[in-house]
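Below is one structure, written out as C-alpha cells; the observations come after it.
The values are calculated or read from the model by the stated rules, or taken from the named source; none is laboratory data. Keep in mind it's a predicted model, so treat the numbers as computed, not measured. Neighbour counts are summed over all protein chains in view; Cβ atoms, including those assigned to glycine, are modelled from backbone coordinates with ideal geometry.
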Amino acid sequence: MMSQHLLSFLIFIPIAAALVLLALPSSLKAYYKWIALGVSIAQVLIALGITNSYSPGPGFQLTERVQWINLSSGFHAEYFLGIDGLSFRW
C-alpha cells in the first residue's frame, strides 16, 4: 500500500518540511539543518524504494491517479503521477 504513494511522498515531504521550517521561530534556528538533513535522508530512502519497485518494461509504473476537480460544467482535473523508462535512468 505504501509503495503506491512513493512518488507523492517524494514530492510533498520537502514541501511539508519547508512549511514546518517557516513556522518554527528563529530561536530554534540551530535545528533547521537537522530537519533538512532528516528530510534529505528520507528523500534518499524513498528514492531507493522507487528503485527497488521499478522493473524495466513498457508503460508507466508506480502510477497514482486521483480525481481532483470535478465540476458539473464538464471541467475535470486529475492528479496523475507515474514513472516510465525515460524518467528513470541510471
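Computed quantities for the displayed model
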{"quantity": "Selected residue [touching a strand residue (DSSP E or B) at 6+ places or on another chain (Cβ under 7 Å) and among the small types (Gly, Ala, Ser)] from Ser40, Ser8, Ser73, Ser26", "calculated": "Ser8"}
{"quantity": "Hey, Leu6 over 20 Å from the mean Cα position of the chain (by Cα), modelled with pLDDT under 90, assigned to a helix (DSSP H, G or I) and hydrophobic (A, V, I, L, M, F, W, C) or not", "calculated": "no"}
